[in-house]
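This report concerns only the one structure given below.
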Number of protein chains: 2
Amino acid sequence: MEKLTIVKVGGKIVEEPTSLKQLLTDFSKIEGYKVLVHGGGRSATAIAAKLGIESQLVNGRRVTDAEMLKVVTMVYGGLVNKQIVAGLQAIGVNALGLTGADLNYMRSEKRPVKDVDYGFVGDVKEVNAGILADLISKGIVPVLAPLTHDNAGNLLNTNADTIAGEAAKALAKHFDVTLMYCFEKKGVLLDENDDESVIANLTPALFKQYVLEKTINGGMIPKLENSFEAINAGVKQVVITKADQIHTQNGTKITI
Amino acid sequence: MEKLTIVKVGGKIVEEPTSLKQLLTDFSKIEGYKVLVHGGGRSATAIAAKLGIESQLVNGRRVTDAEMLKVVTMVYGGLVNKQIVAGLQAIGVNALGLTGADLNYMRSEKRPVKDVDYGFVGDVKEVNAGILADLISKGIVPVLAPLTHDNAGNLLNTNADTIAGEAAKALAKHFDVTLMYCFEKKGVLLDENDDESVIANLTPALFKQYVLEKTINGGMIPKLENSFEAINAGVKQVVITKADQIHTQNGTKITI
């Protein structure tokens with residue numbers, strides 16, 4: 001199978017013109033087939049605030065009422081996604097921006113209300129990998145916004161890490177997939193005060209131990225849980241790294 | 001050649017949930033290959049106003065400064081486009097939302113400043129019809145937002161009528177194209193106070209006469225000029241009609 005690299009980057013990097021430009025240059029250097037998945041939470045929060053809409057986060061996830069859904073549809077699907085697409089085209093990458101509604105490539109269901117009502121947030125139910133694989137094989141580079149749809153006319157807000165993980169799992173049937181999650185550090189750190197203390201390799205056993213010891217905590221836990229789930233579902237490797245390392249693939253490598 | 005219908009609808013219809021739903025149902029009834037081109041100016045004006053950005057129109061065209069470009073990128077490329085795509089998917093139409101940057105399908109250049117500085121407005125220079133035709137032939141229905149790009153990293157605001165006309169001309173090499181412009185009336189009217197006074201057929205000679213007599217005026221003139229240009233460039237027919245007539249193709253038929 002051909003190699004495919006799926007890179008997920010957070011909001012901060014793609015929302016600043018300078019860091020975005022560097023990211024796109026680094027991304028363009030990745031050889032072979034590739035996909036970019038982006039966030040945009042900071043812009044959504046900023047624009048919502050200007051519109052008089054308060055952002056509410058529970059466990060790091062945005063509560064999405066009807067007005068906030070409009071904001072994230074504008075910001076993720078429009079502003080952030082299209083600026084990335086235009087930036088990639090300018091350096092010769094044939095990008096195509098997609099939400100889950102486009103080509104019905106990712107269908108979700110509104111999250112059931114339990115302790116928290118997250119509102120218009122979608123849990124992924126189905127990925128149409130064939131249509132994505134077909135585009136990728138033609139040299140097209142999908143740029144995935146963190147939006148899905150319920151195939152009943154409603155867009156839903158879905159975490160970009162989840163989009164990347166679900167796309168990676170589904171595409172693992174068609175490609176040898178490397179899934180890269182980018183964040184502020186060069187990888188998962190043993191010591192949060194030492195940026196060079198990158199854990200080179202992480203297995204499920206080590207992960208459990210680090211969580212118990214609280215070496216790994218906060219938002220890194222769901223990111224790593226998603227990573228192991230992806231590996232178990234056929235993704236070849238997951239790499240947790242800093243955005244400026246994506247073309248080297250250095251960072252924390254997740255394996256079974 | 002196979003038949004292709006390109007429908008351009010204005011902002012008003014796609015911005016109201018009820019009229020949008022009816023439009024998408026009517027659009028889905030059009031047989032054969034199809035493309036939808038949409039505006040969104042009212043939403044852009046409303047959201048810009050909420051953000052404290054004043055909309056300025058010259059000759060019916062929006063002046064697009066850097067802040068307004070962000071607004072139209074959000075509203076046209078995100079909010080309006082993705083709501084249409086999700087709505088079409090819900091009724092079994094395999095929609096794909098595109099700006100000119102996506103797949104580099106439509107490249108423009110920033111309009112030179114003459115009497116008026118329109119700002120980040122793009123005049124279309126190149127349409128990559130092959131990539132659109134390939135998607136259309138697979139049963140995919142492109143939904144085109146009124147945004148282009150300069151292939152140097154910048155999105156540009158381009159009138160939806162122009163997008164529809166340029167796409168129609170370029171696709172005329174691949175399909176028998178019918179281009180439909182929808183507006184509030186059932187066609188071009190002989191008497192603006194009589195909604196039933198639809199001109200059934202319009203030729204260049206008749207058009208000139210009506211303009212001189214001021215029977216045809218205002219925003220209808222550039223619309224019709226675009227129509228004749230499209231016909232001269234190989235588009236089979238242009239129909240000016242009301243949105244609720246798109247599946248019947250009644251209205252004013254433009255021919256050479």
- Message: Show the residue pairs meeting these rules: Cβ distance below 9 Å; 6+ apart or different chains; first residue within the stretch B:1-18 and more than 17 Å from B:V80 (Cβ to Cβ); second residue at pLDDT below 85.
- Response: B:T5/B:Q249
- In the stretch A:129-177, which residues are within 13 Å of chain B (Cβ to nearest Cβ), under 17 Å from the mean Cα position of the chain (by Cα) and either closer than 27 Å to B:G130 by Cβ or surrounded by fewer than 24 Cβ atoms within 10 Å (Cβ to Cβ) (or both)? A:L132, A:V141, A:P142, A:V143, A:L144, A:A145
- Residue list for the stretch B:72-103, filter: more than 7 Å from every other protein chain (Cβ to nearest Cβ), in a helix (DSSP H, G or I) and β-branched (V, I, T): B:V72, B:V80, B:I84
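In the set A:T248, A:T178, A:T203, A:T241, which member is β-branched (V, I, T), under 29 Å from A:G32 (Cα atoms) and modelled with pLDDT under 90? Show your work before the answer.
Details: A:T178 fails: modelled with pLDDT under 90; A:T203 fails: modelled with pLDDT under 90; A:T241 fails: modelled with pLDDT under 90.
Result of the check over A:T248, A:T178, A:T203, A:T241: A:T248.
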- Just one of (1) of a type in the set (V, I, T); (2) free of Cβ contacts under 8 Å to residues at least 12 places away in the same chain; (3) touching a strand residue (DSSP E or B) at 6+ places or on another chain (Cβ under 7 Å) trips up B:V113, so point out which. (3)
- Odd one out for B:P112, checked against (1) in contact with a helix residue (DSSP H, G or I) (Cβ under 9 Å, 6 or more places away or on another chain); (2) away from chain A (no Cβ under 14 Å); (3) not β-branched (V, I, T): (1)
- For B:A44, state whether it is crowded, with 23+ Cβ neighbours inside 10 Å and either at the interface with another protein chain (Cβ under 10 Å from one of its Cβ atoms) or of a type in the set (F, W, Y) (or both). no
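Of all residues in the stretch A:189-239, how many are of a type in the set (K, R) and either surrounded by 15 or more Cβ atoms within 10 Å (Cβ to Cβ) or within 30 Å of A:A129 (Cβ to Cβ) (or both)?
Restricting attention to the stretch A:189-239, the residues satisfying the condition of being of a type in the set (K, R) are A:208, A:214, A:223, A:236.
Then keep just the ones that are either surrounded by 15 or more Cβ atoms within 10 Å (Cβ to Cβ) or within 30 Å of A:A129 (Cβ to Cβ) (or both); that gives A:223, A:236.
Total meeting the criteria: 2.
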- Give the stretch B:34-69 a look and list any residue that's closer than 19 Å to B:T241 by Cβ and not charged (D, E, K, R), or say none. B:V35, B:L36, B:V37, B:H38, B:G39
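With the requirement that a residue be in a loop (DSSP other than H, G, I, E, B) and of a type outside the set (G, A, S), what does the stretch A:52-71 give you?
The answer is A:I53, A:E54, A:Q56, A:N59, A:V63, A:D65.
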- Consider B:V35 against the criteria (1) aliphatic (A, V, I, L, M); (2) under 17 Å from A:L155 (Cβ atoms); (3) in a strand (DSSP E or B): it satisfies all of them except one. Which criterion is unmet? (2)
- Message: If B:L36 meets every condition in (1) away from chain A (no Cβ under 14 Å); (2) under 16 Å from the mean Cα position of the chain (by Cα); (3) not β-branched (V, I, T) apart from one, which number is that one?
- Response: (1)
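The values are calculated or read from the model by the stated rules, or taken from the named source; none is laboratory data. Since we're looking at a predicted model, the values are computed, not measured. Positions of Cβ are generated from backbone atoms using ideal geometry, with glycine treated the same way; all protein chains shown enter the neighbour counts.
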